[in-house]
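Read-outs: derived from the displayed coordinates by stated rules, not from any lab. This structure is a prediction, so every number in the text was calculated from the model and none was measured. Quick reminder, even Gly has a Cβ in these numbers, built from the backbone with ideal geometry, and neighbours come from all protein chains shown.
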Ligand SMILES: [Fe+2]
């Protein structure tokens, strides 16, 4: 099922993450490897132009074949071939770092799977329930502020652990000083914006945002619906009454920007968010599918929703993209997208860190995106 171009069929994710191992690891490193099926190269390449032609993203839902069963056989075939190659090559560092990238890539798609399943269920009139896990009830936001003093800060990843190419190199940047709200914007806060006419007053909106709102007839966050004067929200746990203390989720950059404007505040830059997260992120992060997950784990103030920053996704000073076909992994998306930071309840364990740069187009909101406010004033 592919209800919109952004949302891929779940079985496509299973096949595409397998294609990545086949194309990036097996074909280049094992001259005697034969592809499981030559046609899969065309079907499950997402967008890597240097890896050859690929099926259109918007048409992934048209593929009734291969079946899920065939894709699971593809996964087994590739798993086995990768394990054999690992045994043969060993821990050669270039090879090992590609294996690690393949695993991290698959983790990114685990989160995409949850986002996509939620959307697919959300457009189904019967509103299926994906998970029965109980999420916590949230306490009232305290709305206290974290101060960032004026000065020089190191931004970017500089540890001896995995990161993507776009998180490097670490570099120094000057910040003028600001305050970041420790609480995420809640559903209750956002309802006040709606009730104050936030969606009917163009004064709060960017021009692109207002055009988007008018053309798509947007009047509330994705997955919200009003029934008999009561707001409800569709979740992976089914349809629930909107909980006012819960962080607002599934808003676009345009909505986040308009809300901040209405509030007399602004969105934080990605550097400010990184400094805030470094000071506050609790670990290890757990997501709702993690075995042993306890609802209190998602009370971590930093990893419930991805926070929009006001920063365009662009290269850090001295950035070097991955080589070869992987040059297309991040570098080519550094245009017209905004950075989000922090992780969310669908982010796999160990895949959330202060330097992680997520990025989306300003109109997109099917990811778990929320709002944290900032202000130039020292609170
Ligand atoms: Fe991918």
Given Cα pairs under 8 Å that are at least 6 residues apart, what percent is the relative contact order of segment 179-278? 36 percent
Going fewest to most other Cβ atoms within 10 Å around each Cβ, 340, 191 line up as 191, 340
Using a 10 Å cut-off on Cβ atoms, rank the peptides 45-55, 11-21 from the highest mean neighbour count down. 11-21, 45-55
Provide the packing ranking of 239-245, 64-70, i.e. peptides ordered by the mean count of other C-beta atoms within 10 Å per residue, highest first. 239-245, 64-70
Note down the nm distance, to one decimal, between modelled labels 7 Å out along Cα→Cβ at residue 123 and at residue 173. 3.5 nm
Given points 7 Å out from each Cα along the Cα-Cβ axis, report the residue 149 to residue 364 separation in nanometres with one decimal. 3.8 nm
Relative contact order (%) - segment 1-103, alpha-carbon pairs under 8 angstrom, separation at least six: 37 percent
When the helix-only estimate is applied to the chain (DSSP H runs of n ≥ 4, each -39,500 (n - 2.57), divided by the residue count), what is the mean residue ellipticity at 222 nm, nearest 500 deg cm²/dmol? -9000 deg cm²/dmol
Just how far, in whole angstrom, is segment 353-370 from segment 55-119 if you go by their alpha carbon centroids? 22 Å
Among 232, 205, 306, what is the fewest-to-most ranking by other Cβ atoms within 10 Å? 232, 205, 306
Rounded to 10°, Cα long-axis angle of helix 253-262 versus longest principal axis of the chain: 20 degrees
For segment 5-27 and segment 195-266, what is the centre-to-centre distance using only Cα atoms, to the nearest Å? 33 Å
Likely footprinting exposure, 171, 250, fewest C-beta neighbours within 10 Å first: 171, 250
How compact and how long is the chain, expressed as Rg and Dmax of its alpha-carbon atoms in Å? 21.5, 66
Spin-label model distance (nm) - residue 104 vs residue 334, 7 Å beyond Cα toward Cβ: 1.6 nm
Among 253-260, 266-273, how do they line up by average Cβ neighbours within 10 Å per residue, starting with the highest? 253-260, 266-273
Over the chain, relative contact order from alpha-carbon pairs under 8 Å, at least 6 apart, %: 19 percent
